[in-house]
Each structure stands twice: as structure tokens, then as C-alpha cells.
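The values are calculated or read from the model by the stated rules, or taken from the named source; none is laboratory data. None of these values were measured; they are calculated from a predicted model. Don't worry about glycine lacking a Cβ; one is built from the backbone with ideal geometry, like all the others, and counts go over all protein chains shown.
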Amino acid sequence: MLAISRITEGRVLGEKHRVSCARWMCSVVIAAAVSLIVPLPVRAQAARPSPSKSADVPTLLKTASDALDRKDFAAAVKALTAVLEVEPEMSAAWFNLGYAYTGLKHVEEAEKAYRKTLALQPGLFEAHLNLGILLMETKRAADAASHLEQACALRPGHVLAHLYYARALLAEDKPEDARKQFEEALRLDPSLGMGHFDLGQLLLRQKDFAGALTAFTHAAEHEPSLPQASLGRALALNGLNRSSEAAEWFEKYLEAEPQDLETRLHLVRIYLDAGQNEKALEHLKLVYQANPKQPGVAAALGDIYARLKKYPDSEKYYREAVTAAPQEADVRRALGQTLMRLEKYPEAETEFRTCLKLDPQNLDAFRGVAMSLYYQKQYPEAIPLFERQAQLPNPPAALFFFLATSYDHLHVLRKALENYEHFLQLSQDRHPDQEWQARQRAKLLQRQLRK
């Protein structure tokens, strides 16, 4: 699972943005969200308080302003609440109260304060922007989009208003409208790295991998400290079937985000598909070390060790996987095959039979039972299973060699000869050692049958 905390800064008409962190995740596509909170200068509005009450307002406003500057949001709330008891119609105080509550993560109170601000001052750009972002964080995209649209209308040249409006539209599943807003933000500021990044995510969802690659490349140029741009490049390259290049960018991303196990597993699959089993093993072991109980990881280690012909290690991890998920038929089948390689035939037979109880249609397990019986020299039990396989479409040539030798061991000469001859007809130099043995036995059996 991918996750990052990110902080950006900007300015609106000379006023510094206060930007909160947000986490974002990815599996196949990336999803991003960055929170922006824009404080107005804390100031007293023109009001007509009674002389007995007005004396403390400037002091309280100064206290609130200082508290916000040092991010002491609780102190700011206390001072601003006191101001509003005296001046309940002061929109700036309501706005900054909303900001302070946001800093305390008191979402409901922050929303009420912003809505009160807009009731008092409907055209306040900053209030529409902050409320829209707050609503996005609480997954109310439609309401957020309404306020962010108004923010864009109030200040059409404001880059971040278009950026967040685009995000709200995307959350509403309006990708084409979102794309227009992303493009407008980038027209206003071509160096907006997060704009390129968000556009790349949208294009990735739409499977426009070439466009996504371009967008993520620009994002990396303008936001070199953003590791997710490398992840975006990797996913886009993977979508373009440029797996080797994709792997390089996955590696670069994981250097910055080593705990992202989901992406590391994705890279494991890429290396396995490319036949780079050692690299796949390196990354899969890191996943296992981080979370040994993660479903499927022990079985995957068993698979890779089997590919590398390291069968004792393969057995170890398959057994761990079986313990964790005893009803997983295919893990039983895989363990059985590894046990066959280790010549642990009775144990292999047990695993194959258990697999068949769980999945009666598992042909590999059925074949495994037959072969485990064969290597235990239990030919009478193995032969019926081989014969059933011979009735399936396109049976492999080797099957008839095993049938032939089974009958041969039981001295069923004619059946043995028939299957040796059938094997030789099908094999055609694919199994040279067995073909030599089959020819020698066939000659001998022919002589014996002529007597």
C-alpha cells in the first residue's frame, strides 16, 4: 500500500497558505489528495460593539493571530470564541475560527464556522476554497465541487482553486471535466508539479499510458522530492509493456518508500514474468520480513524457491502456507510437487490426495497421486490412474512410458509392449533416454511374446 505525507506552500494575494498533510494510496492506479487551508489575516471588522465590551476585542484578535502563527490552534479557538461573543457578525473571526478548528481536526465545528463565514460574506473566495477542501476530506465531493466551482469563478486565475476543483470532479467520477480543470491549472502554472501528477493519475485510470508517462515525467521534473512520480512512471511504463524500464522506476520509488509492500509485490510479479527469479526472491523476502503473515507471501516464496530448484526452502515455505491456509487446495498441490522433487513420495501422495478432496477437478493433483504411487512402486494402484489420464485429450508421451513400465513390473507383457510402442510413436526424440530404454524393452518383450 502506498502512502506519503506531503506539504506544499503557496500564496493568495500576498497571504500565505497553511497546508495540511494528506495520505494517498495506490495499487494499480494512484490516488492523491493534498489539503489546503488558507487563513485570512486575523483582524477586527467594522462593528458597533458597546463601549463596555469593545475594549478587549483588539487584544483578543492579536492573541488569536499570534496563536495561529505558532499553530496553537486551541488558544486561537479560545480567543476567537471570545471575540465572537462580542462581535457575532465578524466574518473574519468566523473564518479564522474555521481554520483553527481545522488545525485541531474538529471537522464539524470547522465546517459550521466556514458556512457561517459565507452566510455573512457570500463572495469570500478563501471561505469557498477552504470549505470545498474540507468537504473533500470528508468525502463529500459533490458539495465540495460546488464551493470549489464558485472559488474558480471568483478568481479564475487562481491555480490551486482549479487544481482542487479538478480533484473534486474526479472524485465525482467526472474525468473529462476534471481533466479540463487540471489542464487549466497547468496552463496557469506549467511548473505545478502536483498538477502534472494529478493529471498523470487521471490518464493512468483511463489507460492513456503514454499521456500518463509524459505527465509523471513533468511531475518529477518540477517536484523532484516526490517519490510517487517515480511510481507513476513505473505504472505507465508497465502499461506500455515496457517492463524492464518499469522495474527501474519501481526500484527507485521503493528506495524512497521501502515499506510499500503492495508495490514491492507488484515488482516481484514483474521480475517473475521476466524470469528474473533471484531479483523476485530478493524483494519477496523483504515483504516476508516486514509481514510474515501477509496472505500469499509464504506460498509465493515456496513458488520462487521451487523455480530456483531450492526444494528444501520451497518445502519450508509451502508448509508454512499450508498451516496458515489448510483449505487452500493449490498450495497443497504445490507442496506435493516439491515433495516429489525431494523424493518424499508418501508425503507427496498425502498432499495430492488432500488437494483432490478440496478440489476434485485438480488434474495436476490427480497426476501427482499417480506419480507418487508409481515411485513408491505401488503399480497396481498407479495403473488405473494412468489409464484414466490416457483417455483425456492429447495425453503426453511420457504418460505411456510410465504405463508401460508399470505393466512391465507386473509382468503384464502385452500391455507393457503396447504402451512402449505408443510412447515411441509420440515421443519423437523428446525423451531420448526413455526412448532408448523403451526400444530395448520392446525388443525383449517381442521375443518373449513370440515364444
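Quick notes on this one:
- Neighbours by Cβ (under 7 Å, 6+ apart or cross-chain): first from the range 263-277, buried (at least 19 other Cβ atoms within 10 Å of the Cβ); second at pLDDT below 95 and assigned to a loop (DSSP other than H, G, I, E, B): Thr263/Leu2
- Some residue of the range 117-139 being among the hydroxyl-bearing types (Ser, Thr, Tyr) and surrounded by 23 or more Cβ atoms within 10 Å (Cβ to Cβ): yes
Results for (1) under 24 Å from Ser225 (Cβ atoms); (2) modelled with pLDDT under 95, shown as yes or no for each residue.
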residue	(1), (2)
His162	yes, no
Glu172	no, yes
Gln181	no, no
Leu188	yes, no
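- Condition check for Glu223: farther than 18 Å from Leu240 by Cα, of a type in the set (Asp, Glu), surrounded by 18 or more Cβ atoms within 10 Å (Cβ to Cβ) and touching a residue at least 12 places away in the same chain (Cβ under 8 Å): yes
- Pairing each residue of the range 431-451 that is in contact (Cβ under 8 Å) with a residue 24 or more places away in the chain and surrounded by fewer than 16 Cβ atoms within 10 Å (Cβ to Cβ) with any residue that is in a helix (DSSP H, G or I) and not small (Gly, Ala, Ser), provided the two are 6+ apart or on different chains, yields C-beta distances under 7 Å for Gln446/Leu417; Gln448/Leu413; Leu449/Leu413; Leu449/Arg414; Leu449/Leu417.
- Here Leu358, Leu424 are screened, and the one residue that is closer than 30 Å to Leu308 by Cα, out of contact with any Leu (no Cβ under 7 Å at 6 or more places or on another chain) and at pLDDT 95 or above is Leu358.
- Failed condition for Leu272, given (1) more than 19 Å from the chain's Cα centre (by Cα); (2) closer than 18 Å to Asn241 by Cβ: (1)
- Search result, residues across the range 88-124 that are touching a residue at least 60 places away in the same chain (Cβ under 8 Å) and touching a Lys or Arg at 6+ places or on another chain (Cβ under 8 Å): Tyr99, Gly103
- Any hit, the range 244-261, residues being surrounded by fewer than 22 Cβ atoms within 10 Å (Cβ to Cβ), among the aliphatic types (A, V, I, L, M) and closer than 23 Å to Tyr318 by Cβ: yes
- Looking across the range 428-444, the residues that are more than 18 Å from Ser406 (Cβ to Cβ) and part of a loop (DSSP other than H, G, I, E, B) come down to Gln428, Asp429, Arg430.
- Test: residue in the range 64-87 that is closer than 21 Å to Cys152 by Cβ and surrounded by fewer than 19 Cβ atoms within 10 Å (Cβ to Cβ): no
- Selected residue (criterion: surrounded by the most Cβ atoms within 10 Å (Cβ to Cβ)) from residues of the range 147-188 that are within 11 Å of Met136 (Cα to Cα) and small (Gly, Ala, Ser): Ala168
- The residue pairs whose first member lies in the range 280-301 and is over 17 Å from Arg319 (Cα atoms), whose second member is basic (Lys, Arg) and surrounded by 15 or more Cβ atoms within 10 Å (Cβ to Cβ), and whose beta carbons are closer than 6 Å, counting only pairs six or more residues apart or on different chains, are His283/Arg264; Val287/Arg264.
- Residue check for Ala370: hydrophobic (A, V, I, L, M, F, W, C), surrounded by 19 or more Cβ atoms within 10 Å (Cβ to Cβ) and either over 21 Å from Leu449 (Cβ atoms) or at pLDDT 95 or above (or both): yes
- Matching option when the condition is hydrophobic (A, V, I, L, M, F, W, C), under 22 Å from Arg332 (Cβ atoms) and part of a helix (DSSP H, G or I), among Ala398, Ala370: Ala370
- Tabulated pairs, the range 138-149, first more than 18 Å from Thr117 (Cβ to Cβ), second part of a loop (DSSP other than H, G, I, E, B) and not aliphatic (A, V, I, L, M), C-beta under 8 angstrom, 6+ apart or interchain: Ala141/Glu172; Ala142/Glu172; Ala145/Glu172
- Answer from Arg242, Arg167, Arg205 - the residue that is under 30 Å from Gln276 (Cβ atoms), charged (D, E, K, R) and in contact (Cβ under 8 Å) with a residue 60 or more places away in the chain: Arg205
- In summary, Leu308 fulfils each of the numbered conditions (1) in contact with a helix residue (DSSP H, G or I) (Cβ under 8 Å, 6 or more places away or on another chain); (2) within 30 Å of Pro224 (Cα to Cα); (3) surrounded by fewer than 16 Cβ atoms within 10 Å (Cβ to Cβ) with the single exception of condition (2).
- Residue in the range 173-192 that is under 21 Å from Ala256 (Cβ atoms) and either in contact with a Pro (Cβ under 8 Å, 6 or more places away or on another chain) or of a type in the set (S, T, N, Q) (or both) present: no
- Residue count, the range 155-214 (criterion: part of a helix (DSSP H, G or I), more than 22 Å from Gly239 (Cα to Cα) and polar (S, T, N, Q)): 1
- Pairs with Cβ under 6 Å, 6+ apart, first in the range 324-341 and of a type in the set (D, E, K, R), second buried (at least 24 other Cβ atoms within 10 Å of the Cβ): Arg332/Glu351; Arg332/Cys355; Arg333/Cys355; Arg333/Ala365
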